[in-house]
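First the structure, in the form of C-alpha cells, and then the observations on it.
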Amino acid sequence: MLDILSFQLVSQLLINGILFGTMYGIAAIGLSLIYGTMRIIFLAQGTIIIFLAYICYWFFKLLGIDPYLSILLVVPVSLLLGMGFYQGLFREAAALEDKNISLLIAVGLMFLVENLMATMWSSNPRSIMTSYTAYGVSTLGLRVSFTRLMGFIMAVLSTIGVNLFLNKTLVGKAVKAASEDMEAAALVGISPHAVNGIAFAIGIGLAGTAGVALATTYSFDPYFGFIFALKAMIALALGGMGSVTGAFLGGILLGVLESVGSFVISGGWADAISYGVFLIVLMFKPEGLFVRSVKKA
Amino acid sequence: MKDKRALIVTIVITAALACVPFVINTETSYFVYFLFLSFTYIIITQGWNVVAGYTGQISLGQHAFFGLGAYTTAMNWIYDITKTGYYFDPVTMLLSGIVPAIVAIAIGIPLLSKLRGDYFALGTLGLGEIIRVYFIKGGTYTGGPIGLLIPSNVYTSMRPYYWTGLFLALFATSVVYFLTRSRIGLALTAIREDETAAAANGINILKYKIFAFSVGAFLSGLGGSLTAYYLFHISPESVLLLKWTLYPILMCVIGGSGTITGPIIGAVFMTAVFSIANIYLPETHPILSGLLIILVMKFMPKGLVGLREKIRPR
C-alpha cells in the first residue's frame with residue numbers, strides 16, 4: 001500500500017481535493033451569510049447552484065456565450081433571484097420565532113426547483129464542452145486542468161470580494177452587525193428585512209459563481225443539488241458558522257478529506273469519513289476549526 | 001369533559017376505520033392502500049413529533065431508525081434469531097422498535113450532551129448518513145447495496161397490513177397522548193420552551209432528551225418494520241432514504257407540530273396530495289408537492305391545525 005504513495009500522487013490528490021473543495025467553499029460562504037442574518041440553513045442552496053449551472057449551460061448551448069463571459073449575466077440574475085426569494089418567500093417567515101417554517105420553505109423550494117429542472121430539461125447529466133475544456137497546466141509532473149484552476153481563482157476572488165464587502169462598505173457592515181446581534185442592529189436603525197434581503201442576494205449571487213464553476217468543470221444533473229448542499233453544510237460547520245474565510249477553508253478541508261479518503265479506502269466510504277470528521281468536529285470544537293475565539297455561548 | 005369527547009371521537013373513528021376492509025375489497029381498492037400508507041406515515045410522524053414537536057430537538061436522522069427497524073425485521077426473519085413466527089409477529093415488531101431505540105440511546109448520550117439546536121440537527125443528519133453508507137458498503141449479513149429479500153410467498157391479503165397499520169397508528173398516537181399528559185410530557189415541553197429555565201427547575205435535561213429521542217426512534221422503527229413487511233425487499237435504496245426523515249417533518253409541520261392531531265391530519269393530507277398528484281400528474285407531482293409546502297408554510301405557518309383556530313376563535 002505504502003509503496004504506491006509517491007510524492008507526486010499525494011500532491012495530485014491534495015490538489016484535486018483543494019480544487020474541488022473550493023466549490024464546497026463558495027457554497028458554504030453563501031450558506032454562512034444566509035445563516036448569519038436569518039439563522040436558518042438554506043437547504044435549497046445546492047439545488048439553486050445546479051439551476052444556475054443550467055442557466056450557464058443554456059447560455060452556452062443556445063446563444064453560444066462563453067461560460068466565463070456568462071458570469072456577467074449569471075451573477076446579476078442570481079443576485080436578483082436571491083432578492084426575489086427573500087421578498088417573495090421568506091419575508092414573513094423570517095420574522096417568526098419558529099425557524100422551522102423558513103427551513104421548510106427552503107425544502108419546498110428545493111423540491112420545486114429540482115423537479116422543475118428534471119421535468120423541463122430531463123435528468124440526463126449535462127456538461128459544457130468548450131475548446132479549452134481539455135486544456136491543462138502541467139508543472140513538476142502535476143497536472144491541473146484549466147477549468148478547475150479557473151474555478152479556484154473564481155472562488156478565491158469571490159471570498160475576497162465578500163470579505164471586502166462585509167468589512168469595508170457600510171451596507172456590508174450592517175449585514176455583519178445584524179449577523180452578530182440582530183436586536184442590537186435593529187436598535188441602531190438597521191432594517192432586518194433589508195439585511196436579510198442583501199444576505200440572501202449575495203448568498204445566491206455566490207451560488208451563481210459556484211454554478212458557473214461547476215458547469216465548466218463537472219457534469220451535473222438536477223438531483224446533484226441536495227448532496228451538494230449537505231456537503232456545503234459540513235464545510236460550513238467545519239469552518240465555523242458565521243465566518244466567511246472559515247467557511248471557505250472548511251470547504252477546502254472537506255475536498256481534501258474526500259479526495260484522500262476515496263483514494264485510500266474506496267469511493268463509497270469517503271462520504272462516511274467526511275460525515276465522521278464532521279461529527280467529531282461538532283462534538284469537540286463546535287465553533288469550527290478556523291475560528292479563534294468564541295464570542296457568544 | 002373535553003377529554004371524554006375526544007375519547008369518544010377516537011373510538012368512533014377507529015371503529016369506522018377498522019370496518020373498512022369489510023365494506024371495500026381490500027385487494028383492488030386504492031383507497032385501502034392509501035389508508036395503509038397514511039397509517040405508516042402517522043406512526044413515523046408521531047415519532048418525530050415527540051422529538052421535535054414536544055421536546056424541540058430537530059432530529060434529521062430518523063431515516064436511520066426507520067431503516068434499522070426494517071432491517072431488524074428482515075434479519076430476524078431470515079436468520080431465524082428469535083424462533084417465533086415472523087409474519088406480523090409481535091416479538092419481531094417489538095424488537096424492530098427496541099433496536100433503533102437502543103441505538104438512539106447509544107448515540108443520543110454523546111450527541112445530546114454536546115450539541116444543541118442546529119448543531120444537533122446537523123449531527124443527527126451526519127449519523128444517519130454514516131449508517132446509510134455503512135449499510136451500503138458493509139456487511140455479509142445485511143446484503144450490502146442489494147439488500148435482503150424476505151420470502152414474499154407468505155402474502156395472502158392486504159387485510160393484516162391494514163389492521164396492523166391502524167393499530168400501530170393508534171398506538172403511536174396514544175403514546176404521544178399519554179406522554180404529554182404525564183410529568184414527563186411537562187418536562188419535555190419545558191425543555192422545548194426554555195432549556196435553562198427547565199434545568200433551573202430541577203429537570204434532568206439530558207435524561208429527558210434521550211428519553212424523547214429513543215421514543216421517537218422506537219416509533220420510527222415500528223414504521224420501518226411495517227414497511228419491511230410490505231416491501232419484502234429491504235435495501236439501503238428503499239428504507240434508508242432521506243425521504244423517511246423529510247416526509248415526517250413535512251407532515252408534522254404542515255399538520256401542526258407539538259399537537260396530537262396535527263401529525264395525523266398532516267400525514268393524511270400529505271398522503272392524499274402525493275397520491276392524487278401521482279395519479280393525475282405523474283410527471284409533475286413532486287413540483288406540485290414542493291409548491292404546496294411553500295404555500296402552506298407561507299400562509300399557514302401554524303399548520304392545518306392552526307386553521308381551525310383561525311376560523312373559530314376561542
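Below, the figures for the structure above:
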{"item": "Only listed residue being free of Cβ contacts under 8 Å to residues at least 60 places away in the same chain and surrounded by 22 or more Cβ atoms within 10 Å (Cβ to Cβ), chosen from A:F200, A:F278, A:F248", "result": "A:F278"}
{"item": "Exclusive hit being within 12 Å of A:V212 (Cα to Cα) and of a type in the set (A, V, I, L, M), set A:L33, A:L72, A:L43", "result": "A:L72"}
{"item": "Residue tally, condition surrounded by fewer than 16 Cβ atoms within 10 Å (Cβ to Cβ) and either under 20 Å from B:Y41 (Cβ atoms) or of a type in the set (F, W, Y) (or both), over the stretch B:66-83", "result": "1"}
{"item": "Filtered residue count, the stretch B:233-257, keeping only those that are in a loop (DSSP other than H, G, I, E, B) and open to solvent by 20 Å² or more (accessible area, probe 1.4 Å)", "result": "3"}
{"item": "Meets criteria (out of contact with any Ser or Thr (no Cβ under 9 Å at 6 or more places or on another chain), within 14 Å of chain B (Cβ to nearest Cβ), part of a loop (DSSP other than H, G, I, E, B) and open to solvent by 50 Å² or more (accessible area, probe 1.4 Å)) for A:S123", "result": "yes"}
{"item": "Considering residues of the stretch B:258-287 that are within 11 Å of another protein chain (Cβ to nearest Cβ), open to solvent by less than 50 Å² (accessible area, probe 1.4 Å) and not in a helix (DSSP H, G or I) only, the residue nearest to B:A6 (Cα to Cα)", "result": "B:G258"}
{"item": "Residues satisfying the stated conditions in the stretch A:75-93, i.e. within 13 Å of chain B (Cβ to nearest Cβ), open to solvent by less than 60 Å² (accessible area, probe 1.4 Å) and under 17 Å from A:I204 (Cα atoms)", "result": "A:F85, A:Y86, A:G88, A:L89, A:F90"}
{"item": "Total residues in the stretch A:95-109, condition more than 7 Å from chain B (Cβ to nearest Cβ) and open to solvent by less than 30 Å² (accessible area, probe 1.4 Å)", "result": "2"}
{"item": "Test set (1) open to solvent by 40 Å² or more (accessible area, probe 1.4 Å); (2) of a type outside the set (S, T, N, Q); (3) within 25 Å of A:L230 (Cβ to Cβ) - A:V113 fails condition number", "result": "(1)"}
{"item": "Tabulated pairs, the stretch A:30-44, first of a type in the set (D, E), second open to solvent by 10 Å² or more (accessible area, probe 1.4 Å), C-beta under 7 angstrom, 6+ apart or interchain", "result": "none"}
{"item": "Close pairs (6 angstrom Cβ cut-off, 6 or more residues apart or separate chains): more than 8 Å from chain B (Cβ to nearest Cβ) in the stretch A:230-243, surrounded by fewer than 24 Cβ atoms within 10 Å (Cβ to Cβ) and in a loop (DSSP other than H, G, I, E, B) anywhere", "result": "A:L238/A:L289; A:G239/A:G288; A:G239/A:F290; A:G240/A:E287; A:G240/A:G288; A:G240/A:F290; A:G240/A:V291; A:S243/A:V291"}
{"item": "Residue match in the stretch A:129-142 (condition: among the aromatic types (F, W, Y) and within 12 Å of chain B (Cβ to nearest Cβ))", "result": "no"}
{"item": "Residue check, B:G202 open to solvent by less than 40 Å² (accessible area, probe 1.4 Å) and out of contact with any Lys or Arg (no Cβ under 7 Å at 6 or more places or on another chain)", "result": "no"}
{"item": "Sole residue being more than 14 Å from chain B (Cβ to nearest Cβ) and in contact with a Gly (Cβ under 8 Å, 6 or more places away or on another chain), chosen from A:F51, A:F42, A:F20", "result": "A:F20"}
{"item": "Among the residues listed as B:I191, B:I210, B:I203, the single one being more than 14 Å from the chain's Cα centre (by Cα) and not in a helix (DSSP H, G or I)", "result": "B:I203"}
{"item": "Selection count, the stretch B:109-165, where residues are in a helix (DSSP H, G or I) and not hydroxyl-bearing (S, T, Y)", "result": "29"}
{"item": "Number of the exception - A:T147 against (1) farther than 24 Å from B:M300 by Cα; (2) surrounded by 18 or more Cβ atoms within 10 Å (Cβ to Cβ); (3) at pLDDT below 80", "result": "(3)"}
{"item": "When residues of the stretch B:120-141 are limited to those that are over 20 Å from the mean Cα position of the chain (by Cα) and more than 7 Å from chain A (Cβ to nearest Cβ), the one surrounded by the most Cβ atoms within 10 Å (Cβ to Cβ)", "result": "B:F135"}
{"item": "The stretch B:144-189, residues that are open to solvent by 40 Å² or more (accessible area, probe 1.4 Å) and within 30 Å of A:G268 (Cα to Cα)", "result": "B:P145, B:I146, B:L149, B:P151"}
{"item": "Filter pass, A:A201 being modelled with pLDDT of 85 or more and among the aliphatic types (A, V, I, L, M)", "result": "yes"}
{"item": "The stretch B:30-76: number of residues that are of a type in the set (S, T, N, Q), in a helix (DSSP H, G or I) and either under 13 Å from B:L226 (Cα atoms) or touching a residue at least 40 places away in the same chain (Cβ under 8 Å) (or both)", "result": "8"}
{"item": "Pair list, Cβ under 7 Å, 6 or more apart: the stretch A:261-274 residue part of a helix (DSSP H, G or I), other residue open to solvent by 50 Å² or more (accessible area, probe 1.4 Å) and among the aromatic types (F, W, Y)", "result": "A:G261/A:W269; A:A272/B:Y134"}
{"item": "All positions within the stretch B:87-105 that are in contact (Cβ under 8 Å) with a residue 40 or more places away in the chain, farther than 24 Å from A:L279 by Cβ and open to solvent by 10 Å² or more (accessible area, probe 1.4 Å)", "result": "B:Y87, B:F88, B:M93, B:I98"}
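Yes or no, residue by residue, for (1) modelled with pLDDT of 85 or more; (2) of a type in the set (A, V, I, L, M):
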{"residue": "A:M23", "(1), (2)": "yes, yes"}
{"residue": "A:L33", "(1), (2)": "yes, yes"}
{"residue": "A:I41", "(1), (2)": "no, yes"}
{"residue": "A:Y54", "(1), (2)": "yes, no"}
{"residue": "A:L62", "(1), (2)": "yes, yes"}
{"residue": "A:I65", "(1), (2)": "no, yes"}
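The values are calculated or read from the model by the stated rules, or taken from the named source; none is laboratory data. Just so you know, these numbers come straight off a predicted model, no measurement behind them. Cβ sites come from the backbone with ideal geometry, for glycine too, and all protein chains shown count toward neighbours. What goes into the accessible areas is simple: the full protein's heavy atoms, side chains included, and nothing from ligands, DNA or RNA. Shrake-Rupley method; radii C 1.70, N 1.55, O 1.52, S 1.80 Å.
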